[in-house]
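Asks: Structure provided below as structure tokens; questions to follow.
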């Protein structure tokens, strides 16, 4: 049935030990594997696969790639054909090339982002187990992020947003839930939100100057966890870009903040709504764009449009 | 792509005017159609199709049927074949036979419940619209239920639960998220929770004496809406069966209560977790069954096992 | 200015080590002193005086006494005169007789409860300090109770409630905030809530069969802390008597549960309202008594009227 | 025993009808009296006296005076002596001169603010009544503010803050709960928070350029009401200065925003802590000043130091 969810985000960080402490003590993830080159693999307590975040020691804080998990191994063959028919070259990486994963279909999105699909990753299980589980882990740390929920990728201009959006709809069968339209008669999509689940977004795209990653997001239950998370961030001098807010778009409750390397992160809370293929697409017009992003003030805030993570190209 | 979600619940009520007031003023639904025979069709503010609840004036408070919506009209043809191959007779009702719906595939579940599938229902839209929408309707009434989220159907014994569960997995491609196992070595499923979305359940089954409906549930955002809902119920002398609780199963936050005819309803809040086809099935063992249902006390409470709605057979 | 607040509760417990673990790991208090006879003194993180709870190893789980703190040492002299003029014998205990306290005025309330007043207790300070403090302690344990908020003392019949209520109003200048009235024309007070602060109650009295303590309560911020507390209790198999509820009386959000010795405790959350001397007294009539106690159902629940702690008399 | 609470705030507004709509429909107050000159008197649902806010039609949006209520009429005589002994002239206004109030003791604070004390105001009662009351009014409007909680008055420089703070402690028996200290060795108080109840503040003072009012605050229960309030503000295009935040000072949860005339308002939620005369004063040092004000970022935000209401002098 194709893509199920975001599997992992792979980024470069400046100080691997500082990052380890940050993601473990403040965000509440656990390091589940450590490579000789210092690369760390981490998972959230509510995830069952071995990792959802890869941190590579580097001299630049850049984005390497993002990987999504498909339901069946045979989906990879089906999707390879569809992607190549679209005109994009792909290659299969053998099992084990991507750490602790089965074979991986690797290619570049029309937006220029390195993208991977896989059907199998080593299994660890939730911290709460699968027999008579507690609703949350009593010994969890810091913010106790549930899972990595989505990423917002930055594309070069609205045309790139529109092309990659169409690609996700046509090739991956994602559903467009919301869009920001700009230009004459709102003919351009400046940003789009797409889902392959019933949550408001599993990936999103926004027009900017460069190819990169605006942020990726950790899921929290609700507004009270947002307050607690912001308190924990303040106690640890985390740089917060945008304090607790309501998004108009997705209805989510949010904080934007930075990791020690300057990668923008989000804590996103709330189901928002039940996303469905037949739900009318929600449109935010150019004049209400900032109401969509920061519902309470309706105005630009923080470094939202200027700070993001560049794509690492080789 | 098959089934998307619960489309509507169709029940008989004792006093149609009392029911109208109850569902409109307390639950916050809107009557969108009224038939000459007194039948009322209602929708929640966050739903876009014309109705999700059908109330028929009657001398008995019984369950008529439950309907799920599929993505494409052609899914109905595919599912007809699969259901018939399973050995269940089906029939197509022409467009309009089920009020304001396209053609409907109608049959009886292995558990004995009348079940319908449809791909098209008249469209109305969310109360908040689809252009620059507010996150919730300022003029909403009472509890402001978002949508009808799921139903728990009662089956005659664990074998019936097991058969209908297998049916939903094999024929409808639902995912089993949680189960209560009983009997020697936990060989029997006394209750199951199944999803076709990424929420913890779109339908559930429990073993009992009769064929019927244990409850259907309205979605609320979170724990604070649960308190507000319980307050509103108390202000209106709604009979509450189980006060605000945490479910172990689904992690949901809940209230069980009754409508004026005695149908058990639930307000269910929280995403719970991100349900996925590859998430390990969560098992509740017989000794922790009540911890699963009422997490805080772990003991039976209210009329949970004795009060339910019988199926209306003709 | 007289009495400021509840200073400490002094009770006997069956298993001192089990109690230590319970109050430290689950309730989040800290043992600040331990006597050779095994007596433990504990404080909550948001309290500044050395202890608010005294646990004495014993073969019976009984109530010894309750102590309130007055503002000035000279208040003790003033209150001694007022209490004796009322017709109650008092005695002064020298500094140090009550552990780590200054001199203590000791007497028996008209209701038969041992009662003490003091102006000075050894100072420790809040866990968060008093310079640029965090809003809560990151390393706090379990439920992280803020402070001991109030106690509900059980009296022998409504007449005893009425007498001790009048005593607190006339002698201690407490304000009656709420009352349950019963009997012909509601001529009897079956329960009263009294405050010396601007919270809804600093002490309360209820009519029963015996002289004892119904419960004492730990303060939590709000409804979400109540859910978290109930989850923590469930994770530790704490016996919960009454799951998360709204009180009609005080509007508080609450859980009733038991410590390992069977003392009933409460987590009480919310300011409720701003209590003031000129706020009209809120009256709950006999027919709405249970609505006052458990607002959502309006019916008796748990062992609320049958389980309590007897007074230890020598 | 002297001052109980903030009784009313008296301000001038630019457009009386716009203000009426704003305070009634958005803030949820009720107009309880309207004078021929257009002056409006309003109360919150959880207040029992006739009004807590006076809005006078004017060509300037200025502050007239603030009034506090004392417990007994005789307190006014006692306080008159204390204030005059301090060296401040006072005068008694006869009953009725201040609308619907008994006699009023009127004088100017050392900080230059017009200040009034009264013991009696016409009684209306809470919207929920005083017999078997609901915890909140089902038909309440908008934000449903509970009561006017406190005001922050702006003084000319730290010396003025220090003088008026000492005045409130010595003459009115208020307790200093928190302070911001600046200057060499923190010798100056740049801001102070004082209470006459057990909430963190009933009045506060901050050093600025002019004599005026920084804001006055409406009480809400907690963080979820803050989100709901911000949503309601956004739905009505209220100008929000500071979106939902945690205060380090008082621990309160807050929004700062403006009324149609530009008066800064606050919704303040949470008890914060139990303020007591013997609680150690909390000090925020100059380097952590903004952490105290906006705990999450610790940096200046909005127009917090530049926008305020000037005192109207005649």
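Asks: For segment C:1-19, name all the residues that are under 24 Å from residue C:114 (Cα atoms), more than 19 Å from the chain's Cα centre (by Cα) and away from every other protein chain (no Cβ under 14 Å). Talk me through it step by step, then tell me what you get.
Replies: Kept after step one, since they are under 24 Å from residue C:114 (Cα atoms), are these residues of segment C:1-19: C:1-16, C:19.
Applying the additional criterion that residues be more than 19 Å from the chain's Cα centre (by Cα) yields C:1, C:14-16.
Residues satisfying the conditions are C:14, C:15, C:16.
Asks: Pick out the one residue from C:31, C:70 that is under 30 Å from residue D:272 (Cβ atoms), touching a helix residue (DSSP H, G or I) at 6+ places or on another chain (Cβ under 7 Å) and within 14 Å of chain D (Cβ to nearest Cβ). Don't jump to the end; show me each part of the working.
Replies: Numbers: C:31 fails: within 14 Å of chain D (Cβ to nearest Cβ).
Result of the check over C:31, C:70: C:70.
Asks: Further question: Of the conditions (1) within 24 Å of residue A:12 (Cα to Cα); (2) assigned to a loop (DSSP other than H, G, I, E, B); (3) without any contact (Cβ under 8 Å) to a residue 40 or more places away in the chain, residue A:143 fails just one. Which one is it?
Replies: The failed condition is (3).
Asks: Taking residue C:117 and the conditions (1) surrounded by fewer than 19 Cβ atoms within 10 Å (Cβ to Cβ); (2) touching a residue at least 24 places away in the same chain (Cβ under 8 Å), which numbered condition does it fall short on, given that it satisfies the others?
Replies: In the conditions (1) surrounded by fewer than 19 Cβ atoms within 10 Å (Cβ to Cβ); (2) touching a residue at least 24 places away in the same chain (Cβ under 8 Å), residue C:117 misses (1) alone.
Asks: Restricting to segment A:34-50, what's the tally of residues that are away from chain B (no Cβ under 14 Å) and on the phi < 0 side of the Ramachandran plot?
Replies: Residues flagged as away from chain B (no Cβ under 14 Å) and on the phi < 0 side of the Ramachandran plot within segment A:34-50 amount to 8.
Asks: While we're on this one: Can you pull out the residues in segment C:289-302 that are surrounded by fewer than 17 Cβ atoms within 10 Å (Cβ to Cβ) and under 20 Å from residue D:126 (Cα atoms)?
Replies: Passing the criteria: none in range.
Asks: Output the number of the condition that residue D:181 fails; it satisfies all remaining conditions of (1) within 12 Å of chain C (Cβ to nearest Cβ); (2) under 30 Å from residue C:247 (Cβ atoms); (3) crowded, with 18+ Cβ neighbours inside 10 Å; (4) touching a residue at least 12 places away in the same chain (Cβ under 8 Å).
Replies: Going through the list (1) within 12 Å of chain C (Cβ to nearest Cβ); (2) under 30 Å from residue C:247 (Cβ atoms); (3) crowded, with 18+ Cβ neighbours inside 10 Å; (4) touching a residue at least 12 places away in the same chain (Cβ under 8 Å), residue D:181 breaks only (2).
Asks: Only one of these conditions is not met by residue B:205: (1) within 14 Å of chain A (Cβ to nearest Cβ); (2) within 21 Å of residue B:254 (Cα to Cα). Which number is it?
Replies: (1)
Asks: Can you tell me which residues in segment C:120-151 are over 17 Å from residue C:24 (Cα atoms), more than 12 Å from chain D (Cβ to nearest Cβ) and buried (at least 21 other Cβ atoms within 10 Å of the Cβ)?
Replies: Within segment C:120-151, just C:151 meets the criteria.
Asks: Still on this structure: Name, by its number, the condition in (1) buried (at least 21 other Cβ atoms within 10 Å of the Cβ); (2) in contact with a strand residue (DSSP E or B) (Cβ under 8 Å, 6 or more places away or on another chain) that does not hold for residue B:45.
Replies: (1)
Asks: Would you confirm, using the coordinates I've provided, whether residue D:103 is more than 19 Å from the chain's Cα centre (by Cα) and assigned by the TED database to the domain that holds residue D:33?
Replies: On the way: more than 19 Å from the chain's Cα centre (by Cα): yes; assigned by the TED database to the domain that holds residue D:33: yes.
For residue D:103, the condition - more than 19 Å from the chain's Cα centre (by Cα) and assigned by the TED database to the domain that holds residue D:33 - is met.
Asks: Can you pull out the residues in segment C:185-200 that are part of a loop (DSSP other than H, G, I, E, B) and touching a residue at least 12 places away in the same chain (Cβ under 8 Å)? If you could, list the steps in order and put the result at the bottom.
Replies: Keep residues of segment C:185-200 that are part of a loop (DSSP other than H, G, I, E, B), which gives C:187, C:196-200.
C:196, C:197, C:198, C:199, C:200, listed by residue number.
Asks: While we're here: Being modelled with pLDDT of 95 or more, touching a strand residue (DSSP E or B) at 6+ places or on another chain (Cβ under 7 Å) and not in a strand (DSSP E or B) narrows it down to one residue among B:164, B:206; which is it? Show your work before the answer.
Replies: Numbers: B:206 fails: not in a strand (DSSP E or B).
Of the residues listed, the single one that is modelled with pLDDT of 95 or more, touching a strand residue (DSSP E or B) at 6+ places or on another chain (Cβ under 7 Å) and not in a strand (DSSP E or B) is B:164.
Asks: OK, next. Where in segment D:231-314 are the strands (runs of 3 or more DSSP E), entirely inside, with at least 3 residues that are more than 12 Å from chain C (Cβ to nearest Cβ) and in contact with a helix residue (DSSP H, G or I) (Cβ under 9 Å, 6 or more places away or on another chain)?
Replies: On the way: elements: D:240-246, D:253-258, D:264-269, D:282-285.
In segment D:231-314, D:240-246, D:253-258 are the strands (runs of 3 or more DSSP E) which contain 3 or more residues that are more than 12 Å from chain C (Cβ to nearest Cβ) and in contact with a helix residue (DSSP H, G or I) (Cβ under 9 Å, 6 or more places away or on another chain).
Asks: Scanning for something within 12 Å of chain C (Cβ to nearest Cβ) and within 23 Å of residue D:286 (Cα to Cα), does segment D:166-173 turn up at least one residue?
Replies: Step one: filter segment D:166-173 for residues within 12 Å of chain C (Cβ to nearest Cβ), giving D:173.
Filter once more, keeping what is within 23 Å of residue D:286 (Cα to Cα): none.
No: segment D:166-173 contains no residue that is within 12 Å of chain C (Cβ to nearest Cβ) and within 23 Å of residue D:286 (Cα to Cα).
Asks: Can I ask one more? Any residue that is surrounded by fewer than 21 Cβ atoms within 10 Å (Cβ to Cβ) and over 21 Å from the mean Cα position of the chain (by Cα) - is there at least one of those in segment B:258-279?
Replies: Within segment B:258-279, one or more residues are surrounded by fewer than 21 Cβ atoms within 10 Å (Cβ to Cβ) and over 21 Å from the mean Cα position of the chain (by Cα).
The values are calculated or read from the model by the stated rules, or taken from the named source; none is laboratory data. Note that this is a predicted model, so its numbers are computed, not measured. Here the Cβ is made from the backbone with ideal geometry for all residues, glycine too, and neighbour counts use every protein chain on show.
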